[in-house]
1. Under 8 Å between Cβ atoms, which residue pairs at least 6 apart in sequence (or on different chains) link something in segment 323-352 that is under 16 Å from Gly281 (Cβ atoms) and in contact (Cβ under 8 Å) with a residue 60 or more places away in the chain with a partner that is polar (S, T, N, Q) and part of a helix (DSSP H, G or I)?
2. Among (1) touching a residue at least 60 places away in the same chain (Cβ under 8 Å); (2) outside the structural domain of Asn30 (by TED's automatic domain parsing); (3) not hydrophobic (A, V, I, L, M, F, W, C), which single condition is Gly188 missing?
3. Using the structure shown, decide if Val304 is at pLDDT 95 or above, buried (at least 16 other Cβ atoms within 10 Å of the Cβ) and closer than 21 Å to Asn226 by Cβ.
4. Can you tell me which residue among Ile109, Ile21 is surrounded by 21 or more Cβ atoms within 10 Å (Cβ to Cβ), in a helix (DSSP H, G or I) and in contact (Cβ under 8 Å) with a residue 24 or more places away in the chain?
5. Would you call Phe195 modelled with pLDDT of 90 or more and part of a helix (DSSP H, G or I)?
6. Out of Gly114, Gly83, which single residue is more than 26 Å from Gly171 (Cα to Cα) and assigned by TED's automatic domain parsing to the domain that holds Met358?
7. Could you tell me whether Gly350 is part of a helix (DSSP H, G or I), of a type in the set (Gly, Ala, Ser), within 24 Å of Pro256 (Cβ to Cβ) and not assigned by TED's automatic domain parsing to the domain that holds Arg179?
8. Would you be able to say whether some residue in segment 200-217 is in contact with a helix residue (DSSP H, G or I) (Cβ under 9 Å, 6 or more places away or on another chain), surrounded by fewer than 19 Cβ atoms within 10 Å (Cβ to Cβ) and not in a helix (DSSP H, G or I)?
Amino acid sequence: MQSNSNQTIWHSESWNGEPIILAGDIGGTNSNLALVKVSKGSFDILVETVVPSNEVDSILPVIHVLLEAAQAKFPEIKPQVAGISGAGPIFNNVCDLSNLDWDLDGTEIEIAFGFPTRIINDFEAISYGVPLLDLNNPEEVTHLPHTDGHDPEPIGAVSLIVGAGTGLGVGMLIKEEERYRALPSEGGHACFAAFDLETEELRAHAQGGANTIVEIEDLLSGRGLNTILDYFILMRGMKVDETLAKILDAEPLQRPALISRHAENHPVCRDVIRLFVKIYGRVAADFSATVLPRRGLFLAGGIVGKNERHFLDGSQFIYFFEQNAREQVKKVLRKIPVYIVKDYSISLIGAAHAAWLMRDKIV
C-alpha cells in the first residue's frame, strides 16, 4: 500500500558529492525518511519525506519516493549506507514495530535497493543524536535548572534519554573516548509505581477490572494523556463541558494534541498536563537513579516540546524529579543536568550518525 499523503521537503539545494546516508525514523504516528550528507563530522539533511505511518504497510514504497525525488535533481546520488530506527525491539536486523501492524526488515531493504541497512531502536537513534546537539543553542535544547537554581555542567560518560510520544522511549548513551555506544531499552514497558494517593488512584483507574500490570507507557504517552483525562472525568467527577466533549469525540490519536492545546485555558486539560508532568518527573528520577546520567538527562518526544511551559512552570518537573526519601539520593539527582530536546530532527540525524559509526560492520 502506498500513501497519497507523502510530503517531500528540501532542506538544501546543494550536493557536491558528499557521502550520503539514508536515515529513517518510523514512529507510531509518522514515518520520516531523509537523505543526510556527511561532511567533516557534520550531518545535514538534504531532503526529507514524511508520511502517516498508518497509511502504509511497508517502508519500501516510501524509500522509493524519496530516492526518486532526490535523483530527479541529482541523478548520481545514492546512499552508501542506511540507518533506520523504529519504535520496538530489534532482533536479527528486524524491528517489531510496537504501535504498527508492519515491521522494518533491514535485509529486505538491502535486497530492494542495494545498500547496506542497519535497523535500530528509535531511542537508540535519539541517543546517537544527543552528542550532536549544541547545548548552548536554545533552538536545540532548553535547560531545566534544579529547584535551587543550579544548572549542573555535564560530566562523565553516561547520558539518559526519556521521551514520551505515541509510546514511551528510554535509551542510554555511553561515551567511550571519542566514540559513542547506545544502549536501547524497553524501559517504557516497566511497571508503573504509584508514589502518592493521586497516582495510586490513577493506577487503579488505568488497571480497571482487568488483572493486568499497568506499564509506565500506559500513563506516560499519548494514550496516557487520554487515560489521565478519563480519570479526571470518571474518578474525580469533572463536568464534561463543550470543550471536553469535542476532545472526547475526536479520534484517540488526535486527543493528546487537543488536550495540550486547551491546557492554557481549560482547568481540566491543565490538570491533565500537571499530573502528566508530575509522573514524568518521578519516572525520569527512577531511571536516573538507576544509571546516574551525569552527562545529562534529555527529555525528548513531541509531548514535551508541545508542553514545554508546563515543564518549566513552578519547577513542577524538577520538583518531583528531585523527590526521594534519602537525602543522599536527592543530592545525587541534583547533580544531573536536565534538558528538553527541541531539535525535532534528532531522530533522523541520530540514525544517520549510528549508521556512519557502524558502517564498517554493516558494509
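1. Hits for this filter: Ile336/Ser288.
2. With (1) touching a residue at least 60 places away in the same chain (Cβ under 8 Å); (2) outside the structural domain of Asn30 (by TED's automatic domain parsing); (3) not hydrophobic (A, V, I, L, M, F, W, C) applied to Gly188, the lone miss is (1).
3. On the way: at pLDDT 95 or above: no; buried (at least 16 other Cβ atoms within 10 Å of the Cβ): yes; closer than 21 Å to Asn226 by Cβ: yes.
Against the criterion (at pLDDT 95 or above, buried (at least 16 other Cβ atoms within 10 Å of the Cβ) and closer than 21 Å to Asn226 by Cβ), Val304 does not qualify.
4. Residue meeting the stated conditions: Ile109.
5. Here the answer is no, as Phe195 does not meet what is asked.
6. Values: Gly83 fails: more than 26 Å from Gly171 (Cα to Cα).
Step by step, each of Gly114, Gly83 is checked, and only Gly114 is more than 26 Å from Gly171 (Cα to Cα) and assigned by TED's automatic domain parsing to the domain that holds Met358.
7. On the way: part of a helix (DSSP H, G or I): yes; of a type in the set (Gly, Ala, Ser): yes; within 24 Å of Pro256 (Cβ to Cβ): yes; not assigned by TED's automatic domain parsing to the domain that holds Arg179: yes.
When the stated conditions are applied, Gly350 passes them.
8. The answer is yes, given that some residue of segment 200-217 is in contact with a helix residue (DSSP H, G or I) (Cβ under 9 Å, 6 or more places away or on another chain), surrounded by fewer than 19 Cβ atoms within 10 Å (Cβ to Cβ) and not in a helix (DSSP H, G or I).
The values are calculated or read from the model by the stated rules, or taken from the named source; none is laboratory data. Here the structure is a predicted model, which is why all the values come from computation and not from measurement. Cβ: placed from backbone, ideal geometry, glycine included. Neighbour counts: every protein chain shown.
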